[in-house]
Amino acid sequence: SLVLPCGSLASLPCPDITNIHHFAEGKAVAEPSYQTKYDMAIKDLAMCIGAALRGFHAYGVIRIIGHASGEGSLKVNQELGQARASQVKADLRKALLSQGLPVGTWYGSPKVGAVLLEASSAGETNLFKRPERTESDRKLNRRVEIDLHGLMRCGPTEEPNPWTPVPSPFPRSKMGSE
């Protein structure tokens, strides 16, 4: 039986969806042609996290940050980034629950060992592609980032140490971004 130490899950080679692109212009949902890949990427990420947390308690938070292209007003883009992050949070929450993982938020009484999810918006303040000269550039900026650096796992009696990476039993794979 494989025993993995207490530490950060950021080093796991989970499907590479730290940047989810392909959001429809002005909307919080994936482009229709990308929806199946989006759904699979969220499911695969949840499966990887679930496998890594089996037999451990989760500590910390997964941060989900929504972004928008430079079109539109600052206010609209801030709201759109939040809507995108909230949609990914809801989809990831559902996928994590399907893995049998307890999921919480910062705003309730978090359960011990629950995976915490936090959604926020950067609006258009952190463009991935600058300047936006083409529609392809704007598509790259319509994205959501999923940050696993704040999520750790520990055994029931261990204290979390954010500086300890977790070695992975999973093969490396690339999914979700093109």
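Structure data summary
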{"read-out": "Total residues in region 84-96, condition surrounded by fewer than 24 Cβ atoms within 10 Å (Cβ to Cβ) and either within 14 Å of G123 (Cβ to Cβ) or of a type outside the set (A, V, I, L, M, F, W, C) (or both)", "value": "6"}
{"read-out": "Enumeration of residues in region 42-73 that are small (G, A, S) and part of a strand (DSSP E or B)", "value": "A58, G60, G66"}
{"read-out": "Search result, residues across region 36-83 that are buried (at least 20 other Cβ atoms within 10 Å of the Cβ), more than 22 Å from H149 (Cβ to Cβ) and of a type in the set (G, A, S)", "value": "A68, S69"}
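Readers should treat all values here as calculations from the given coordinates under stated rules, not as data from a laboratory. Since the model is a prediction, treat every value here as computed from it, not as a measurement. Heads up, the Cβs are rebuilt from the backbone with ideal geometry, glycines too, and the neighbour counts pull from every protein chain shown.
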